[in-house]
Every structure is written in structure tokens, then in C-alpha cells.
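Participant: Take this structure, written in C-alpha cells, and hold onto it; I'll ask about it next.
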Amino acid sequence: RMQSSRSKPCSCPSLKLREVASMYFTLVAAFLVILVVALQGSAPRQSDFPYKVPLDPQGLLELSWNVSYPEQAVHFQLLIRELHFGLLFGMSDRGEFENADLAVLWSDGHNSYFGDAWSDAKGQLHMDSQQDYQLLGARRAPEGLYLLFRRAFSTCDPKDYLIEDGTVHLIYGILEKPVHSLQAINVSALHGGLQRVQLLKPNISIPQLPRDMKSMEITAPDVVIPSQETTYWCYMAELPEGFPKHHIIMYEPVVTAGNEALVHHMEVFQCAADFDSFPHYNGPCDSKMKPERLNYCRHVLAAWAMGAQVAPHSMSLSFTFSPCPYSDLSLSPGPPGRRDSSGIRLYYTATLRPYDAGIMELGLVYTPVMAIPPGEDSFILTGYCTDKCTQLALPSAGIRIFASQLHTHLAGRKVVTVLSRHGRERQVVNADSHYSPHFQEIRMLKEVVAVFPGDELITTCTYNTEDRSRATVGGFGILEEMCVNYVHYYPQTQLELCKSAVDPGYLHRYFNLVNRFNDEEVCMCPQVSVPQQFYSIPWNTFNRDVLKSLYGFAPISVHCNKSSAVRFPGQWEKQPLPSITERLREPSPHCPPSPGAQPAAPVPLHLGQLRRD
């Protein structure tokens with residue numbers, strides 16, 4: 001519950017998209033208004049709660065929920081398979097138990113209570129003066145205790161978490177001993193954890209999978225993971241000769257058991273049709289032995305990153321699938337001799353859909369000229385897909401973006417892509433104010449975003465480097481940084497990548513300025529790399545502020561690339577930053593009507609005597 005979470009209003013999706021769901025969720029709400037007593041009976045129907053996730057690794061706590069956009073509320077169902085003396089469930093900015101917004105069930109061993117609470121910066125619990133976690137029911141079933149409760153997206157309570165689009169860090173804690181009051185709960189002694197979810201799922205229909213669907217796995221050939229900090233491993237897979245055109249309709253990761261923490265991301269590329277054949281290769285992507293022709297294998301067929309599961313299929317859209325897939329995966333070091341055979345499972349069909357879809361990279365080029373000083377709590381970098389590039393590369397009818405995957409490395413905290421037209425911000429494509437590099441889902445958009453020639457797509461990433469002692473530069477390493485939005489769109493175009501970076505010449509001027517105004521010398525020798533120059537800077541306030549200013553006004557180098565990794569014809573160096581004359585307005589917070597003054601008191605529950613292990 002950082003200040004930004006409390007003060008920033010949630011974005012309210014259009015009611016027009018959800019008219020069909022309105023009556024359904026009204027009925028769900030009516031079903032949930034039951035007596036607050038413990039009843040013996042069967043579990044609620046799963047269809048009432050379409051989304052489900054285990055909270056703890058053992059599966060003892062299972063959360064299900066539904067989203068009512070007409071009511072602007074989430075209904076939760078929490079299954080507690082083994083009830084001790086209660087639990088804490090809630091939300092916080094990044095999964096902390098401090099400054100958290102909590103629903104608490106606790107017992108003194110005889111009587112049980114439920115209440116809306118919050119924790120302060122020291123983790124001390126307080127009963128909230130505004131009870132916004134509304135308990136709707138509790139019922140026992142053979143599999144455990146079900147708690148049913150409701151929470152509005154926005155409550156206008158400064159102690160409450162604002163539920164908005166993007167990642168939500170859910171936290172839980174199990175009370176293993178009886179407590180006599182809420183204030184007696186010691187948060188630091190709890191057995192707890194966190195689970196990341198997207199609570200506000202889009203209310204869209206998903207078509208049924210075709211009967212002729214087949215699957216294919218493209219996996220690494222039992223690679224011995226090197227001991228270096230980050231390894232990018234590339235390998236070629238060849239399809240049978242004469243394999244006809246298909247459409248990929250879904251894909252999912254295949255991660256070697258035990259390597260879940262080591263595999264950071266994977267991509268499958270299609271090689272350009274400019275050549276009759278491509279050499280086989282299996283080795284590090286940065287090796288001098290990698291054949292140069294593989295640089296033409298840049299058309300993305302599938303992209304996965306840590307935290308993502310199944311890439312959804314949608315709305316009769318499709319991906320072109322032709323021979324010559326080429327794959328790379330990013331690995332962190334593991335124990336000596338650890339092997340990996342991870343990859344991606346593709347689901348495809350010969351029944352072609354109306355459109356070929358594509359994946360386009362937006363954001364920043366992978367280059368060290370974009371850097372973040374150490375000790376920053378929220379440093380911003382922005383990448384531009386300029387009007388000049390979209391004017392040249394997009395068809396006159398434009399494209400339609402229907403899904404998005406945001407991507408940074410470990411320092412990333414927020415990511416947003418905004419569509420701008422004629423200098424005016426028009427629409428948020430995708431945003432995540434609580435982004436986690438450990439939860440990089442491919443998310444269907446609530447509304448399809450139309451992008452036309454001349455539009456700009458601006459991707460901004462916010463980083464935190466408070467735990468670092470030297471600059472973090474852009475690059476491929478896990479301790480270097482990226483700022484990317486993989487947008488899924490249709491119809492497919494030749495535009496594979498639309499990104500930018502600061503002009504290198506202006507960065508050189510920055511290093512000269514730093515050298516002139518600081519006692520410590522920053523070596524400008526030609527043989528010294530850009531990362532080394534950044535590492536040698538004394539990061540005082542002046543040097544930080546000038547770098548921020550540089551990124552805010554200096555010309556950019558634009559990469560407007562085809563899938564062959566070749567830029568579209570044109571002048572792309574020293575391009576001016578897009579001029580934004582009108583920003584999107586922050587939507588006003590939607591505060592639910594107050595039911596009247598409610599005492600800050602817990603709700604008693606009759607659960608019987610709870611057990612002690």
C-alpha cells in the first residue's frame with residue numbers, strides 16, 4: 001500500500017464490453033449474500049468463481065475469484081483446507097507484510113472473528129475504521145472451510161490498496177496459535193508468503209480449440225548450463241520437408257523440472273525466407289562460431305518469460321507457422337553439471353484463421369547507452385516507436401493489438417505503453433504499476449487497440465536500484481536491464497521491432513561534461529567501453545540530474561526493423577523525441593456509495609472450537 005497505490009485511481013473499463021455479464025454478476029452477488037455463520041454443506045459451484053490459484057506451495061490455501069465490472073468489485077472465495085487459528089489475506093505494493101491491506105480471520109481458541117485491517121510500516125496490525133472487506137459467508141465442506149468476501153476496486157480509504165489493472169501481490173499468513181486480539185498478532189512470526197496474480201481479468205470470450213489441433217515441442221538439446229551469470233543459448237530446429245502453412249493458436253513453456261528458477265525467458269524465431277537453407281547450430285548466442293546467417297532469424301513466433309503460463313488464443317486470430325524455427329533461451333547459472341532441455345510447446349492447426357498475427361517488440365534497444373544510476377528508487381527510461389516508423393511500415397488500415405507481454409530484468413518496477421496520435425496521448429495499451437520480473441504474463445487486452453500509420457507507441461519503464469552500488473546498463477545480462485513490450489497484433493506486417501535509444505554522440509557529450517565538472521576523472525579513452533565509463537562516474541546529485549535531463553531531451557537512434565533484422569529504408573539517426581502536447585487524464589476514483597457509519601469492529605464467526613496441532 002505505497003502512496004502511489006492509494007492515490008492513483010483505477011482505470012474503469014467500458015461498460016459496453018460487459019453488458020452481457022451484468023446480469024450474471026448481479027446473480028452471483030445475490031448468491032453470495034448468505035448468513036455469516038458456519039454451515040455444513042457442499043462447496044460453492046466452481047462456475048461462480050472462474051479464476052483460481054493456490055496461495056501456498058502445499059495447496060492448503062486456494063483462492064478463487066470473479067470480477068464484476070458493473071459493480072467495480074471482486075468477489076473472493078478462499079478455501080482453507082487446514083484451519084489452525086486463523087489467517088491473514090491481503091494485498092501490498094510488492095508482497096510485503098508492512099503497509100499492507102488485510103482481511104484477517106483469527107481465533108482465541110473458542111471464538112472466531114473476521115475484520116478488515118491494515119499494517120503500518122513496522123508490521124503492526126490495526127483495525128480499519130472503514131470495513132471494506134465485506135464478509136459474505138463462511139461454510140464448511142469436506143475439503144475445508146470456505147470464506148466468501150467482497151472488495152471494491154477503489155474504496156477511497158487511504159489505508160486500502162487500489163485494485164487496478166496489472167499485477168497484484170497477494171499475501172497470506174497462517175495463525176498457528178490462538179490470539180486474543182487483532183493487535184496481538186505478530187506478523188514477523190507468521191508462516192506466510194505471496195502469490196502474484198492478475199485480479200482484473202478481461203471479460204472476453206475465448207474460442208474453443210479446433211479438433212484438428214496438434215502440438216510440437218521445440219526444446220534445447222540437453223544443454224549443460226554454463227557457470228557464467230547469464231547465458232543465452234541458441235539452437236536450430238528443422239521441420240519436415242514440405243511442411244505446409246499452419247497457424248499457431250496457443251503455446252506454453254516446457255521447463256526442465258528443477259530449473260524453474262534458472263530459466264528466465266525463451267523465444268522461438270522464424271528464419272527469413274530469403275535463403276534456401278540455414279546452417280544447424282547449437283551453442284551460445286554470442287559465440288563467434290554462430291553462423292552469421294542465423295542473424296536473419298528474427299521473426300518472433302513465440303515469446304515466454306518467467307511467470308507466464310499458457311499464451312492465450314483469441315478471436316479467430318492466428319500466427320503464421322512455416323518451416324525453420326530457431327530458438328534461444330536465457331539461463332542463470334546452476335550447480336555444476338546441471339543440464340537443461342527447456343523450450344516451448346506450440347499448438348497449431350491446419351485450419352487457417354482469417355488473419356495472420358504477429359509479435360512486435362516495442363521499447364528500448366538492448367544497448368548500454370541507456371543506464372540507471374545506483375541507489376535510485378524510481379528512475380525512468382522511455383523507448384519510442386516513432387510516427388515516422390509506423391507511417392512507413394504499417395498498412396493504411398492499421399493494425400489491431402490484442403495482447404501484450406511486458407518485460408524487464410530484475411530492477412524493473414513499473415511498465416506502461418501509451419498510444420499517441422498527432423502529439424496527443426490517446427490510449428493506454430498496457431500498464432502495470434506493480435510489475436514484477438518474476439511474473440511476466442502474456443495478457444489479453446480488455447479492448448483491442450487500433451494503431452494507424454503516423455501513430456506513436458511510447459513505452460516507459462521505472463527501475464529501482466537502491467540495492468546496487470554501480471550503474472545498471474542496458475543489455476542482455478540478468479543484472480543489466482531491458483524495457484520491452486511484446487505486443488501481439490493482426491494483421492501481420494513486416495515491422496518486427498520498433499524501438500529506440502539515446503543518440504551515442506549526445507551520451508559522449510555527457511561523459512565529457514561529467515569529466516569537466518568532477519574532480520574524479522572519467523576516462524574517455526576510445527578503448528574504454530560505455531559500461532566502464534558509466535561504472536567510473538561518481539554518482540552525485542549533479543551527475544544523476546544531468547543524465548535524467550539528457551534522456552529527456554537528446555535525439556534518439558530509432559530501430560525500425562524488419563524480421564530480417566534490417567531497418568526499413570530511411571534516416572533513423574539523431575531523430576527528435578516525439579513531442580507530446582496533451583497527456584491522458586488520470587481517471588477520477590470511483591468511490592462506492594457509503595452504507596453509512598460502520599463501527600471498526602470485527603464480525604464474530606461461529607466456527608466451533610479450533611484445534612491446536
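The values are calculated or read from the model by the stated rules, or taken from the named source; none is laboratory data. Nothing here was measured: the structure is a model prediction, and the numbers come from that model. Methodologically, a virtual Cβ is constructed for each residue, glycine included, from the backbone with ideal geometry; neighbour enumeration extends over all protein chains shown. Protein only, heavy atoms only, side chains kept; ligands, DNA and RNA dropped before computing areas. Shrake-Rupley method; radii C 1.70, N 1.55, O 1.52, S 1.80 Å.
Participant: Could you tell me whether HIS84 is touching a residue at least 40 places away in the same chain (Cβ under 8 Å), assigned to a strand (DSSP E or B) and not hydroxyl-bearing (Ser, Thr, Tyr)?
Facilitator: Here the answer is no, as HIS84 does not meet what is asked.
Participant: When you check THR493 against the structure, is it under 30 Å from PRO538 (Cα atoms) and polar (S, T, N, Q), yes or no?
Facilitator: no
To keep it simple, each residue is scored yes or no on (1) more than 24 Å from GLU164 (Cβ to Cβ); (2) out of contact with any Gly (no Cβ under 8 Å at 6 or more places or on another chain); (3) open to solvent by 10 Å² or more (accessible area, probe 1.4 Å); (4) part of a loop (DSSP other than H, G, I, E, B).
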site: ARG94; (1), (2), (3), (4): no, yes, yes, yes
site: LEU102; (1), (2), (3), (4): no, no, no, no
site: LEU105; (1), (2), (3), (4): yes, no, no, no
site: LYS122; (1), (2), (3), (4): yes, yes, yes, yes
site: SER129; (1), (2), (3), (4): no, yes, yes, yes
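Participant: Filter region 383-421 for residues that are surrounded by fewer than 20 Cβ atoms within 10 Å (Cβ to Cβ) and of a type in the set (S, T, N, Q) and give the result.
Facilitator: Matches in region 383-421: GLN391, SER396.
Participant: Kindly list the number of the only condition in (1) modelled with pLDDT of 95 or more; (2) open to solvent by less than 10 Å² (accessible area, probe 1.4 Å); (3) not β-branched (Val, Ile, Thr) that fails for LEU145.
Facilitator: For LEU145, the exception is condition (1).
Participant: Looking only at region 224-245, how many residues end up being among the acidic types (Asp, Glu) and open to solvent by less than 30 Å² (accessible area, probe 1.4 Å)?
Facilitator: The number of residues fulfilling the criteria is 0.
Participant: Among the residues of region 71-79, is any open to solvent by 30 Å² or more (accessible area, probe 1.4 Å), under 14 Å from ASP160 (Cα atoms) and in the same structural domain as LYS159 (by the TED database)?
Facilitator: Checked against the condition, which is being open to solvent by 30 Å² or more (accessible area, probe 1.4 Å), under 14 Å from ASP160 (Cα atoms) and in the same structural domain as LYS159 (by the TED database), region 71-79 yields no hits at all.
Participant: Also, quick follow-up: Just to check your reading of the model, which residue among GLU252, GLU217 is at pLDDT 90 or above, within 29 Å of LYS290 (Cα to Cα) and touching a Lys or Arg at 6+ places or on another chain (Cβ under 7 Å)?
Facilitator: The unique qualifying residue is GLU217.
Participant: Hey, ARG443 hits all of (1) under 14 Å from THR382 (Cβ atoms); (2) open to solvent by less than 20 Å² (accessible area, probe 1.4 Å) but one; which does it fall short on?
Facilitator: Unmet for ARG443, out of (1) under 14 Å from THR382 (Cβ atoms); (2) open to solvent by less than 20 Å² (accessible area, probe 1.4 Å): (1).
Participant: Filter region 452-481 for residues that are in contact with a Cys (Cβ under 9 Å, 6 or more places away or on another chain), buried (at least 21 other Cβ atoms within 10 Å of the Cβ) and not charged (D, E, K, R) and give the result.
Facilitator: Across region 452-481, the qualifying residues are LEU457, ILE458, THR459, CYS461, TYR463, GLY474.
Participant: With respect to ALA43, determine if the residue is modelled with pLDDT under 85, assigned to a loop (DSSP other than H, G, I, E, B), surrounded by fewer than 20 Cβ atoms within 10 Å (Cβ to Cβ) and not assigned by the TED database to the domain that holds ALA121.
Facilitator: Here the answer is yes, as ALA43 does meet what is asked.
Participant: Scan (1) loosely packed, with under 11 Cβ neighbours inside 10 Å; (2) modelled with pLDDT of 90 or more for the single condition GLU586 breaks and write down its number.
Facilitator: Only one criterion is unmet by GLU586, namely (2).
Yes or no, residue by residue, for (1) in the same structural domain as ARG196 (by the TED database); (2) under 26 Å from the mean Cα position of the chain (by Cα); (3) at pLDDT 95 or above:
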| position | (1), (2), (3) |
| --- | --- |
| HIS84 | yes, no, no |
| LEU88 | yes, yes, yes |
| ASN99 | yes, yes, yes |
| LEU102 | yes, yes, yes |
| LEU105 | yes, no, yes |
| ASN111 | yes, no, no |
| GLY123 | yes, no, no |
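Participant: So which residues in region 537-568 are open to solvent by less than 50 Å² (accessible area, probe 1.4 Å), among the β-branched types (Val, Ile, Thr) and more than 29 Å from the chain's Cα centre (by Cα)?
Facilitator: Residues satisfying the conditions are ILE537, VAL546.
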